[in-house]
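S.K.: If you scroll down you'll find the structure; I have some questions about it.
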Amino acid sequence: MAKVPFEEAVRLAAAALRAAGANEAMAQSTARALVLAEAQGIGSHGLSRVAQYSTHLRNGRADGNAVALVAREHGAALLVDAKEGLAFPACDLAVERGTDIARKLGVCFAGVTNSHHAGVIVDHLRPAAAAGLVGLGFANSPAAMPAAGGKHAVFGTNPVAAVFPRRDADPLMIDLSLSEVARGKIAVAAKEGRAIPLGWALDKDGNPTTDAKAAMDGSMLPLGSASSTKGAMLALVVELLVTALTGAQFGSEASSFFVDEGNRPRIGQAFILIDPGALAGREVYFERMEAIIGEMLVDEGVRLAGARRLKLERQARQDGVDIPDSLRHG
């Protein structure tokens, strides 16, 4: 492990992705997103994914020559086709174009189809927040959780994200999977031979397990897994938002991200971008934001959503990002 400047880490990651077959735009967009995740302390969605994405490119699970494009635009609705490439250029395009539409019309629903793993969903929304917009983000993923009352995996961990800009302060950044924990964390634990807490996952026979490798062969437990119903229902909502509206594949139709061989996942993402000025007005929005934040901070120990991530990112941009030796020398 070595510490290198942020931009050097981006350069190294991009070079590895280009060597695996990604075009320049795809390599740059993906590398920047992975380094940003690493800088925020989200290793499960950071540079550990370079090898995974590179293998998918080499094995044809993602098209490195793909160029994302706007497939359809009607009023405040937008559909971007990732063309079976890595997800990041398509998500960049969806949020960029969606921001323009939301500024003009007050709101935009920007869907992405024929996509791949999209990393930290809230990071896609940060440019929208910088433009003063509220953003919501959703994604599905290969099946890892059962439906409520079911036994076999139907839904992915299906993350939900939100960003709320503030005046002269960092935005609130919320990002969570609808499983008890992101599957990437279990994958890292399996790779490192570490146990996982009871309540995160089941083995292939449906038994609770602390064995990360057994969990990777089994299924994830939904958020609020004491009953499992609430998390599973929320996962269904996300699944439908990003597939039924975009034409993307269900998680149950996509091969796992954690296997080298398999199909092109062709999953979906969706972003909802809202201009506060189109509703109660920007001044009212900012006043309400600070009022609720002030109420939250009455209690000692409350941490604002995204604050820790942004603190770590600033430190990494100043001191450098830890990268694996395999990336530095490979």
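Only the coordinates and a few stated rules stand behind these numbers; no lab work does. It should be emphasised that the depicted structure is a prediction, and the values quoted were computed from it without experimental measurement. No Cβ is skipped: glycine too gets one built from the backbone with ideal geometry, and neighbour counts run over all protein chains shown.
S.K.: So how do 241, 34 line up by other beta-carbon neighbours within 10 Å, fewest first?
M.R.: 241, 34
S.K.: What translational D, rounded to a whole number of µm²/s, comes out for region 237-280 from Stokes-Einstein when the hydrodynamic radius is the Kirkwood one over Cα pairs, at 20 °C and 1.002 mPa s?
M.R.: 173
S.K.: Put +1 on the Cβ of each Lys and Arg and -1 on the Cβ of each Asp and Glu in the chain; which of 13, 206, 182 then has its Cα farthest toward the positive end of the dipole?
M.R.: 13
S.K.: Below 8 Å between Cα atoms, with a sequence gap of 6+, how large is the relative contact order for region 181-279 in percent?
M.R.: Reported as a whole number, the value is 16 percent.
S.K.: In addition: Sorting 216, 289, 145, 233 on the 10 Å Cβ count, fewest up front, what's the list?
M.R.: The order, fewest Cβ neighbours first, is 233, 289, 216, 145.
S.K.: 222 nm [θ] for the chain, helices only, -39500 (n - 2.57) per DSSP H run of 4+, per residue, to 500?
M.R.: The helix contribution divided over the chain gives -12500 deg cm²/dmol.
S.K.: Which FRET efficiency value, to the nearest 0.05, is calculated for residue 59 and residue 303 with the Förster distance at 41 angstrom and r the Cβ-Cβ distance?
M.R.: E between residue 59 and residue 303, to the nearest 0.05, is 0.50.
S.K.: If each residue of separation counts as 0.36 nm, what is the full-extension length gain between residue 255 and residue 237 once their alpha-carbon separation is subtracted?
M.R.: Extra length available between residue 255 and residue 237 comes to 4.4 nm.
S.K.: For residue 204, list the lysines whose Cα falls under 29 Å from its own Cα; do not include residues on the same chain fewer than 8 positions away.
M.R.: 151, 185, 191, 213, 230
S.K.: Could you pull out every one of the aspartates and glutamates with an alpha carbon less than 20 Å from that of residue 3, ignoring same-chain neighbours closer than 8 positions?
M.R.: 38, 313, 319, 322, 325
S.K.: Please get the size of the charge dipole for region 125-204, origin at its Cα centre, with Cβ charges of +1 on Lys and Arg and -1 on Asp and Glu, quoted in debye to the nearest 20.
M.R.: Magnitude of the dipole: close to 160 debye.
S.K.: Still on this structure, please answer the following. Going by how many other beta carbons lie within 10 Å of each one, how would you line up 141, 54, 44, fewest first?
M.R.: In increasing order of surrounding Cβ atoms, one gets 44, 54, 141.
S.K.: Evaluate region 89-214: find the radius of gyration of its Cα atoms, find its Kirkwood radius, and give the ratio Rg to Rh.
M.R.: Using Cα coordinates only, the ratio equals 1.07.
S.K.: Using the Cα centre as the reference, give the magnitude of the dipole from point charges on the C-beta atoms of the chain (Lys, Arg: +1; Asp, Glu: -1; all else neutral), rounded to the nearest 20 debye.
M.R.: Using only the charged Cβ atoms, the result is roughly 280 debye.
S.K.: Can you pull the one-decimal nm distance between simple spin-label points at residue 211 and residue 290, each 7 Å off the Cα toward Cβ?
M.R.: 5.6
S.K.: So if I place +1 on the C-beta of Lys and Arg and -1 on the C-beta of Asp and Glu, and nothing else carries charge, what would the dipole magnitude of region 219-330 be about its Cα centre? I want it in debye, nearest 20.
M.R.: Value, rounded to 20: 120 debye.
S.K.: Comparing 269, 315, 249, which has the greatest mean-square fluctuation in the GNM of the chain with Cα pairs linked when under 10 Å apart?
M.R.: 315
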